[in-house]
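As structure tokens, the structure follows; a few thoughts come after it.
The values are calculated or read from the model by the stated rules, or taken from the named source; none is laboratory data. These numbers were taken from a predicted model, which means no experiment stands behind them. Note that we place each Cβ from the backbone using ideal geometry, even for glycine, and neighbour counts take in every protein chain shown.
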Amino acid sequence: MEVFEIAGAAPRERVQMWNSVTSSTFGPIAITPVDEDDFDARMVRRSSGPVGLASVSSAAAIVRGANSRDTRPGRFILLNEQGVAVVHQDEHEVVLNAGQLTVIRSAVPYEISFFSHNHMVVTHLPDQVRRVDWGLATGAARDEQQDGLIHALIRQWAHAGVTAGADPGVYARLVHDSLTACWGEGMSNERYISGSHARWRDDIFAYIDAHLTDPDLSARTAGEALGASPRHIQMVVASAGTTFSRAARERRLARAADLLLSDPDASIARVAFTVGFGDVSHFSRSFHEKFACTATQWRQAQHAPRDR
């Protein structure tokens, strides 16, 4: 076991030291702290044969890895123990809350954003251990209720290490076989990604519906409330064939159409402001584009007597 800390170093030296430590552990990495003057970090590193594990705690930062040829082919198993982490790789983005894990390819560029103090346990399982296609759901977050076995294995090693005298390859095989058993080689990425996006879509659209009256409603405010980056929010909404602003506008107009009928004494301006439009002219143009008539015409047409 090896322990690395940077607390005793001068503020200007901490980031450089930490980049050196993490690069020697995970391959080439560039870490950008949110606050360089207040940055602190600690790592406990273990190994079992070709498999490595690092228990890492640090202040808020953005981590970018695998950006050169000096990489370590294989997989990183990311078990997030504290804080929220947003993981990007290729077209995938996943938000990890405490207790969730995901898997990324260690030799493909990735980015991990930590917005507050965090603790993550990273296991590196190189290709040489078992060179097979795992069929793992890269881009999906898995929690302990779903995959308790792999969580328990990683935590056991992080906290107590491997039993003295044990075959160093045993742990690697246990981790690999547990991942395969939990997620299954027949499980495609698309299945988990689509399921994850479906849940995110439901949460995002529910948030929009609950905050239509907020003129500052945006992907940023939704992300802050739901624990995700604005980019993730936009990506999930795009999978539904729209954009965040368009979805919010469509819902606001639908609610305005209902209010025009349910509250016939409300002025057009009052209806516009009630549903979150900050400008009456913008509301009027948007309403006409949506319903091919003005708000006044809509109200008159709906309340006009019907011929029997």
Inspect the range 7-26 for any residue being among the hydrophobic types (A, V, I, L, M, F, W, C) and under 18 Å from Leu125 (Cβ atoms) and give the result as yes or no. yes
Can you pull out the strands (runs of 3 or more DSSP E) entirely within the range 10-68 that have at least 3 residues that are touching an Asp or Glu at 6+ places or on another chain (Cβ under 6 Å) and surrounded by fewer than 16 Cβ atoms within 10 Å (Cβ to Cβ)? none
Name the single residue that is nearest to Arg299 (Cα to Cα) among those in the range 226-250 being surrounded by fewer than 15 Cβ atoms within 10 Å (Cβ to Cβ) and among the hydrophobic types (A, V, I, L, M, F, W, C). Ala240
Return the residue satisfying two criteria in turn: it lies in the range 93-114 and is closer than 17 Å to Gly223 by Cβ and surrounded by 18 or more Cβ atoms within 10 Å (Cβ to Cβ), and of such residues it is modelled with the lowest pLDDT. Glu93
Could you tell me which numbered condition Thr22 fails, if it satisfies all but one of (1) more than 17 Å from Ile104 (Cα to Cα); (2) at pLDDT 90 or above? (1)
Among the residues of the range 96-116, write down those that are part of a strand (DSSP E or B) and touching a Ser or Thr at 6+ places or on another chain (Cβ under 8 Å). Leu96, Thr102, Val103, Ile104, Arg105, Ser113, Phe114
Of the residues in the range 280-294, those that are surrounded by 14 or more Cβ atoms within 10 Å (Cβ to Cβ) and either modelled with pLDDT under 90 or within 18 Å of Thr213 (Cα to Cα) (or both) come to Val280, Phe283, Ser284, Ser286, Phe287
Considering (1) more than 30 Å from His92 (Cβ to Cβ); (2) modelled with pLDDT under 90, say which one Phe277 fails and leave the rest. (2)
With the checklist (1) over 23 Å from the mean Cα position of the chain (by Cα); (2) more than 30 Å from Leu226 (Cα to Cα); (3) not small (Gly, Ala, Ser) in hand, flag the one item Arg42 doesn't pass. (2)
Residue in the range 244-257 that is of a type outside the set (Asp, Glu) and free of Cβ contacts under 8 Å to residues at least 12 places away in the same chain present: yes
Residue that is assigned to a helix (DSSP H, G or I), among the hydrophobic types (A, V, I, L, M, F, W, C), at pLDDT 80 or above and exposed (fewer than 14 other Cβ atoms within 10 Å of the Cβ), where the choices are Leu261, Leu253: Leu261
